[in-house]
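**Student:** Right, I'll just put the structure down here and ask away after.
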């Protein structure tokens, strides 16, 4: 399976809008191109290739799908599907599993059909939304935080940093908690449990004092919640002393966790803030308070997009703005660091880690599992692409588990922790791994020389024929050139040399 260098990448279909009711589907009599394109977008090209009929239908097709596209002629649909046939399918080592039994796992002993949950946010804020997500295949939902607060939201309340294709890299929100009353939310829980008894309902709550934390936990249990998540991490609270203000004080985390735990008999998870140097003190406090698990991370306090004319950051509300929570792909490295910290902490052994923070593809989810996550929560990717991403999350992870010979999710949890250190002192420093240029992919742009000259060790020169040449005496093996190459035409050479 191609985990490092996919044969097909997002950049090759960057103009695809991932449409609703895609016109390319209506134009194709034999295939559903939109689903195949989504699988490529979400790093799941191998299962896409295996869904194709035996005969390469695109080989002689005049490609009406490309002209039906909302961006006519800008997305090479036929070429991409042809490559699924000719390049990806031959690389498939095993058939895609016939069922999803490998994905079955649990959250604090309660069965999950797969590890994927909606996280507490707008994507899980009503009965209808959760019902549609459950029908789509999500194992459960952490419902938007229940409280007794009178919530009035600002408008607008979202902003984003986008990539060259317009997709969201980093997402800022100043959204608060559920604007339904406690009674209304309890009714939603009852309906969801009645109609979807096998789905996991994780009830996020926020109290204003010990008594309220306990009361809300008890009510959630009485109305069908399978577990409670304590919101000690929302960075957007209008009132002080709530949300992330609690998560930064271990004594408060312990006290309020104990209040909730005393009042219910279902598992209790503490959702902790990343707006700290280390998460372990709060996590250990939650365990002392009786928590059965930890959820992390919530959004990171942020400021984005200051307008050069009004001098107001986004989102701007009548000439004012505020620090808000940052999420999306950009926060994944930070989230992984916190999950690894918790996964490596022996004091937290046995606690369930429900991990989140920038998960968009099955490979993102796998990385969190490898560092200790037992379940995965998602919001920002759903806001951008919809509940439908669950198809590729499940099928991609399912194929990975089957190909590697794992018997299930539990076999994978924490496998990446032993090779990870909190300090670089342990790293071997006596060899150099050279880059290697792939001549047939190189277009002679010279980006490698520019970066090596101005950000590296002046080890690459472009010949008059526009071919890069490496000076092994200067190269230190930093691999900056690999990262900047727009063609992915540089790889690691197998040969290593010893430093003198």
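**Student:** Residues that are buried (at least 17 other Cβ atoms within 10 Å of the Cβ), free of Cβ contacts under 8 Å to residues at least 40 places away in the same chain and under 27 Å from residue 387 (Cβ atoms): does region 63-84 have at least one?
**Tutor:** No, region 63-84 contains no residue that is buried (at least 17 other Cβ atoms within 10 Å of the Cβ), free of Cβ contacts under 8 Å to residues at least 40 places away in the same chain and under 27 Å from residue 387 (Cβ atoms).
**Student:** Name the residue that is farthest from the chain's Cα centre (by Cα), counting only residues in region 354-365 that are surrounded by 21 or more Cβ atoms within 10 Å (Cβ to Cβ) and part of a helix (DSSP H, G or I).
**Tutor:** The extreme case among them is 362.
**Student:** If residue 407 passes every condition in (1) in a helix (DSSP H, G or I); (2) exposed (fewer than 14 other Cβ atoms within 10 Å of the Cβ); (3) in contact (Cβ under 8 Å) with a residue 60 or more places away in the chain but one, which one does it miss?
**Tutor:** So the condition that residue 407 fails would be (1).
**Student:** For region 264-289, give me each residue that is over 24 Å from residue 220 (Cα atoms) and in contact with a helix residue (DSSP H, G or I) (Cβ under 9 Å, 6 or more places away or on another chain).
**Tutor:** The initial filter retains those residues of region 264-289 that are over 24 Å from residue 220 (Cα atoms), namely 274-281, 284.
The answer is 274, 275, 276, 278, 279, 280, 281, 284.
**Student:** Continuing with the same structure: Against the conditions (1) buried (at least 17 other Cβ atoms within 10 Å of the Cβ); (2) closer than 18 Å to residue 267 by Cα; (3) out of contact with any helix residue (DSSP H, G or I) (no Cβ under 7 Å at 6 or more places or on another chain), where does residue 177 fall short? Just the number, please.
**Tutor:** Failing condition for residue 177: (2).
**Student:** Of the residues that sit in region 222-244 and are surrounded by fewer than 24 Cβ atoms within 10 Å (Cβ to Cβ), at pLDDT below 95 and touching a helix residue (DSSP H, G or I) at 6+ places or on another chain (Cβ under 8 Å), which one is farthest from residue 117 (Cα to Cα)?
**Tutor:** Looking at residues that are surrounded by fewer than 24 Cβ atoms within 10 Å (Cβ to Cβ), at pLDDT below 95 and touching a helix residue (DSSP H, G or I) at 6+ places or on another chain (Cβ under 8 Å), I get 237.
**Student:** Going through 442, 448, 475 one at a time, which residue ends up being in contact with a strand residue (DSSP E or B) (Cβ under 9 Å, 6 or more places away or on another chain), more than 30 Å from residue 118 (Cα to Cα) and part of a helix (DSSP H, G or I)?
**Tutor:** After applying the criteria, what remains is 448.
**Student:** Right, here's the next one. Read through the list (1) at negative phi; (2) assigned to a loop (DSSP other than H, G, I, E, B), then give the number of the only condition that residue 73 fails.
**Tutor:** The failed condition is (1).
**Student:** Further question: Residues 150, 165: which one is exposed (fewer than 14 other Cβ atoms within 10 Å of the Cβ), in the same structural domain as residue 354 (by TED's automatic domain parsing) and in contact (Cβ under 8 Å) with a residue 24 or more places away in the chain?
**Tutor:** 165
**Student:** With the structure loaded, tell me whether residue 276 is under 24 Å from residue 107 (Cβ atoms) and either buried (at least 20 other Cβ atoms within 10 Å of the Cβ) or out of contact with any strand residue (DSSP E or B) (no Cβ under 8 Å at 6 or more places or on another chain) (or both) or whether it fails that test.
**Tutor:** Details: under 24 Å from residue 107 (Cβ atoms): no; either buried (at least 20 other Cβ atoms within 10 Å of the Cβ) or out of contact with any strand residue (DSSP E or B) (no Cβ under 8 Å at 6 or more places or on another chain) (or both): yes.
Taking the combined requirement at face value, the residue does not satisfy it.
The values are calculated or read from the model by the stated rules, or taken from the named source; none is laboratory data. Since the model is a prediction, treat every value here as computed from it, not as a measurement. Every residue, glycine as well, gets a Cβ built from its backbone with ideal geometry; the counts of neighbours run over all protein chains shown.
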